[in-house]
Amino acid sequence: MTNNGEEDREGGASLTISMLQSGDELTSKNGITYKIVKLLGSGGQGEVYEVITSNGCLYALKWYHAHMNTKNQKEIIEKLVEDGKPDERFLWPIDQIESSKTFGYIMDLRPSAYKSIVDLMKRRVEPSFRELCTAGFNLADCFQKLHSLGYSYCDISFGNAFLNAENGEVLICDNDNVIVNGMTNSSVQGTLGFMAPEIVIGEKGPSAETDLFSLAILLFYMFMLHHPLEGAQEASIKCFDAVAKQRVYGQNPVFIWHPEDKCNRPISGYQDNAIIYWGIYPKFIKELFILAFTEGITNPKRRIVENQWKRAFIQLRDRIIICPICGAETFYQDNSSFGASNICWNCNKNIETPPLLKIGNNLIILNRDTVVFEHHLYNDFNLSDRVAKVSQHPAYANKWGLKNVSQKDWLFTKPDGSAVTVKPGKNVPLICGTQINFGNIEGEIKRN
Amino acid sequence: MSEGFKRPGGEMASRPLHFIWLVDCSGSMMGEKIQSLNYAIRQTIPDMRSAADENPNAQLFIRAVKFSEGASWHIATPTPVDEFEWIDLEAEGLTDMGKAFELVSNQLQMPPMPERALPPVIVLLSDGQPTDEYRKSLEDLLNLPWGKKAIKIAIAIGSDADTTVLK
């Protein structure tokens, strides 16, 4: 329910009526006239409308409730408009509009292919693990961009990020809370459940450092469909009200998979997602989450930074094995304690590990559609330029190779020690023990 | 992953949130007041739906009590917000507000309330002129564990409403 200062009153009962009506025209600071098309949504701060310019371009207008019409909020928006968007992934304030009672800003419309994280939580959108890893990478990359420009976002939560389940691309919206890091003029403290413990207990305000905690929460939700601090403690609480939330998220935050303090383990039958997903992912990503919610709680300086997440999500994506029996995506586990094979979470059958390519610390499972990027050679996060791709022999369907799709010659050393040059467009057979020199970086095709 | 293959697990765990309208349809509400009330409740439904839609932590269930001469469940089943439709009320008779509190108290016992939930929300819409002895019933309601935790809102209907009772 929204409440605003401009609503009409009819018959004595206060009604929820949108502040602007279809067809209303408003002129911006930049002198552009926008006509209201329809109301898209409303929240605590204001309403969002679809608007159209005279030349037919569609945008979104956020129109604040009168109580948000403050000098501080106006200055924040003015600065963001002036600075310009960090890149196209940010639905950033690009123009301002004022009325006698309140004000608002124009931003790009979110394309319908982008779904909210709430849709992900409610299983209304179902990306593959592969696209989820890509989305995790992109999300960390967006906030890294924002932080590197000196901003803090202040309210990372379910409603602010959108993802395209088809390709893992993300959009960041609600950028009107963004402030210069270190300033204390944010109009929000964050969303309970995502806020860093030091904000929950009232010690600090939002900053880039507290953003990192909220980002870790959001990523945990995306990959585990559960909150990292909601274990036995939450399950034992009958009424999960503001006081109880203060305790779980602020006064006594204990990670559900804390390696030593096991008091807050998730409860089977009530917090099942937490248990199911923890069993699926490889050790290295779990260790990163453990750090995020142990040291990351007690020492804000030790929070996981975006580069760590980005590297981890590429590694996680590289370790996906498609189960040859049921087709589910499962993850390659290092030094499996059960021997050489991995077990599919879906069909419970042993999966013979496909050949894998090891380049330095990068380990890439060679599935039928695997692509090797520049990042795998240079650890530079370049996931645009391709180096190699798995390809099928044109005459023998059961023969697979690694095709050179780079501009450079490779040197391929067979298991018997003989060496052959591999020109761009040519293939190396997927034989274990094969060494490939990609130019100045060595890789090896292995089985385990 | 083959087409349509899902990742494991289910929806994110959530708790029920019980929302109860307590609606005065006594004689003093006759005319524009009851019409305005029906209209106001109907107006809130889309907003409640979209708020629930954006909140994966809660499953929102709505029901309603009406009170005039006596009190009864106007919409008795806790109805998921997506399926909830408001049925218009007519006004006549006395203002047995205390009876309405008793009905709500019966529903806030455990059971039928689940052990784990979000704080229930009780919204009273009235012109605030109860004709029965409502204080004892209100006190009983507020002494229940879920009654204590409930978020209680009273909305005055009409410019002549007695707001001291609603406080």
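The values are calculated or read from the model by the stated rules, or taken from the named source; none is laboratory data. Computed from a prediction, not measured in an experiment: that's the story for all the values here. Because the Cβ atoms are built from the backbone with ideal geometry, glycine has one as well, and the counts that use them run over all protein chains shown.
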The listed residue being under 21 Å from A:Q308 (Cβ atoms), outside any helix (DSSP H, G or I), within 25 Å of the chain's Cα centre (by Cα) and not acidic (D, E), out of A:P266, A:P253
A:P253
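Do we find that A:D176 is buried (at least 21 other Cβ atoms within 10 Å of the Cβ), outside any strand (DSSP E or B) and either outside the structural domain of A:V125 (by TED's automatic domain parsing) or not polar (S, T, N, Q) (or both) in this structure?
Criteria met by A:D176.
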Out of the residues in the stretch A:1-60 that are touching a Lys or Arg at 6+ places or on another chain (Cβ under 7 Å), modelled with pLDDT of 90 or more and within 14 Å of chain B (Cβ to nearest Cβ), which is surrounded by the fewest Cβ atoms within 10 Å (Cβ to Cβ)?
A:V48
Only residues that are among the polar types (S, T, N, Q) and either modelled with pLDDT under 90 or in contact with a helix residue (DSSP H, G or I) (Cβ under 8 Å, 6 or more places away or on another chain) (or both): list them for the stretch A:313-343, please.
A:Q315, A:Q333, A:N335, A:S336, A:S337, A:S341, A:N342
Can you pull out the residues in the stretch A:122-154 that are in contact with a Pro (Cβ under 7 Å, 6 or more places away or on another chain) and either small (G, A, S) or away from chain B (no Cβ under 14 Å) (or both)?
A:A135, A:K145, A:L146, A:L149, A:S152, A:C154
Scanning the stretch A:96-110 for residues that are surrounded by fewer than 19 Cβ atoms within 10 Å (Cβ to Cβ) and in contact (Cβ under 8 Å) with a residue 24 or more places away in the chain gives A:Q96, A:E98, A:S99, A:K101, A:D108, A:L109, A:R110
Checking A:L383 against (1) part of a helix (DSSP H, G or I); (2) in contact with a helix residue (DSSP H, G or I) (Cβ under 6 Å, 6 or more places away or on another chain), which test does it fail?
(1)
Of residues in the stretch A:103-121 being out of contact with any Ser or Thr (no Cβ under 7 Å at 6 or more places or on another chain) and part of a strand (DSSP E or B), the one farthest from the other protein chains (Cβ to nearest Cβ):
A:F103
Which condition does A:N252 not pass, out of (1) surrounded by fewer than 17 Cβ atoms within 10 Å (Cβ to Cβ); (2) under 19 Å from B:A58 (Cβ atoms), if it passes all the others?
(2)
Which of the residues spanning the stretch A:347-358 are crowded, with 19+ Cβ neighbours inside 10 Å and either over 11 Å from A:C432 (Cα atoms) or of a type in the set (F, W, Y) (or both)?
A:I351
Name the one entry in A:E234, A:E230 that is farther than 22 Å from A:L139 by Cα, surrounded by 20 or more Cβ atoms within 10 Å (Cβ to Cβ) and under 21 Å from the mean Cα position of the chain (by Cα).
A:E230
Tell me, please, whether a residue that is in a loop (DSSP other than H, G, I, E, B) and either surrounded by fewer than 22 Cβ atoms within 10 Å (Cβ to Cβ) or in contact with an Asp or Glu (Cβ under 9 Å, 6 or more places away or on another chain) (or both) can be found in the stretch A:210-220.
no
Elements of type helices (runs of 4 or more DSSP H) contained in the stretch B:81-167, each with 2 or more residues being more than 11 Å from chain A (Cβ to nearest Cβ):
B:97-107, B:135-143, B:163-166
Which one is nearest to the other protein chains (Cβ to nearest Cβ), of the residues in the stretch B:22-47 that are among the aliphatic types (A, V, I, L, M) and crowded, with 18+ Cβ neighbours inside 10 Å?
B:A40
Would you mind finding the one in A:P127, A:P93 that is more than 20 Å from the chain's Cα centre (by Cα), in contact (Cβ under 8 Å) with a residue 12 or more places away in the chain and part of a loop (DSSP other than H, G, I, E, B)?
A:P93
